[in-house]
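Inspection log for the structure reproduced underneath, given as structure tokens.
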Amino acid sequence: MRTLKDFEVKGKRVLVRCDFNVPLDKEGNILDDFRIKQTLPTIEYLIEKGVKVILMSHLGRPEGKVVESLRLTPIQNRLMEYLDVQVSKAPDCVGEEIEKWSREMQPGEILLLENLRFHKEEAENNENFAKELAKLGDIYINDAFSVCHRNHASIVGIPKYLPSGAGFLLEKEIKALSQIIKNPKRPLVAIIGGKKVKTKSKLIDKISEVADFILINWLIAEELKEKNIQLKYPQKIISPVDKIDTFDIGPKTIDLFKEKIALANTIFWVGPLGQIEEEKFSKGSIETAKAIIESRAFSVAGGGETVKFINKLGLTEEFNHLSTGGGAMLDFIADGKVVGSEALK
Ligand code: 3PG
Ligand code: MG
């Protein structure tokens, strides 16, 4: 897989797929801009190199229609705050006018395309739509790890028509997650919490192939039992032994988990252990975060809620890697690849 630095980009039009799909409130204010911030190194590098930078992303699930509240205007504004340069926004993401615009740009200028999912062809991975998008660039860079599990035109279609490579964020994500699943420094402790239990039993089985211990929260422990789900390596699972109401792990479990975490040389964490929206059910997750840092193990955490929580605790820099991906990260861990990075090979 080629990466950004493998390309001679000066003066070229570089079409960058980002994932600016960030949570917004009802007024359209950005609630968490972690994904935007993580893309800045790629964009800054391109500006510095004198590139015509064309950025594209989806936002939400407008399902092929224009939805006013899902225009990329808040993203445009936030990018301008961080980059301190003018960011123009196109009214659409394809068409003759926009192609002409891309050709008339000056090196160092930035153009943000409108929400890709306003066209149903994006999610259908329509060939013509991919070709239309490809007309906007000379080089395609994918820096959108968190949507790399989607078979969409801007992810897997465009690389068929342009020289393509990975941006700095995509490169960093793949490197960190590969370090977890391929030859981790042992012991590897995986901590699997959260609410979306449905997506997790496959993950537990996959991660058990490499992990030494898997610590799980109550929701997952109970569902495994209720549905009588047979795991491949049940002996590796450490279930909670006490609880705070029904929403958090209790003090005995915290001690048990801390003991395992302290032994680890590699740690992978996804999903809070309790219902962290409420402070009284956050202790298990706070103590877990602290124990991970104290262990000095190579640490990777991911999933929207978990990362937001770690950022809120001010522990962002203490982890080796915080993934911008939710579904994409789980798929990468489970399958060792995602369609988006495969398309770059
Ligand atoms: C995400 O937040 O999961 C990614 O941006 C992909 O969005 P999607 O789940 O709507 O495809
Ligand atoms: Mg998703």
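Just a few scattered comments:
- Cα shape, segment 22-65, gyration tensor, a/c 1.5 rule: oblate
- Förster radius 30 Å - calculated FRET efficiency between residue 104 and residue 44, Cβ distance, rounded to 0.05: 0.85
- Protein heavy-atom accessible surface, 1.4 Å probe, per residue over the chain: 46 Å².
- Whole-percent carbon and sulfur share, accessible surface of the chain, 1.4 Å: 48 percent
- Among the listed pairs 172/312; 202/236; 12/100, a Cα-Cα separation exceeding 19 Å is found for 172/312.
- Here the dipole of the chain is about 940 debye; that uses its Cα centre as origin and unit charges on the Cβ of Lys and Arg (positive) and Asp and Glu (negative).
- Contact order, relative form, for the chain: 17 percent (alpha carbon pairs under 8 Å, 6 or more residues apart, mean separation divided by residue count).
- Amide H within-cut-off set for residue 90, under 5 Å, with H built and near neighbours excluded: 112, 113, 114
- Positive dipole terminus of the chain, leading residue within 230, 28, 142 (C-beta point charges): 230
- Average Cα contact separation per residue, segment 113-263, under 8 Å, 6 or more apart, as relative contact order %: 15 percent
- Whole-number percent relative contact order across segment 1-151, with pairs defined as alpha carbons under 8 Å at least 6 apart: 34 percent
- The share of Cα pairs per 5 Å bin across segment 130-267, counted from zero up to the longest distance, runs 2, 9, 15, 15, 14, 12, 10, 9, 6, 5, 3, 1 percent.
- Comparing segment 34-132 with the 2.2 N^0.38 Å rule of thumb, its C-alpha radius of gyration ratio is 1.08 (two decimals).
- Three principal axis extents describe the C-alpha atoms of the chain; from largest down they are 64, 42, 36 Å.
- Gaussian network model of the chain, springs between alpha carbon atoms under 10 Å - residue of 279, 121, 171 with greatest fluctuation: 279
- Take the Cα radius of gyration of segment 209-345 and divide it by 2.2 N^0.38 Å, N being the number of residues; the result is 1.07.
- Charge dipole of the chain about the Cα centre (unit charges at C-beta), most positive-ward option of 151, 177, 14: 177
- Among beta bridges from DSSP that stay inside the chain, the antiparallel ones total about 10%.
- For trypsin sites (Lys or Arg not before Pro), the sites in segment 227-330 that DSSP calls loop and that have at most 13 other Cβ atoms within 10 Å are 227, 232, 296.
- Cβ-based charge dipole, the chain, positive-most Cα from 272, 51, 98: 272
The values are calculated or read from the model by the stated rules, or taken from the named source; none is laboratory data. A quick note: this is a predicted structure, and the numbers were derived from the prediction, not measured. In this analysis, Cβ positions are derived from the backbone assuming ideal geometry, glycine residues included, and neighbour counts consider all displayed protein chains. Note: areas computed on protein heavy atoms with side chains; ligands, DNA, RNA excluded. Shrake-Rupley method; radii C 1.70, N 1.55, O 1.52, S 1.80 Å.
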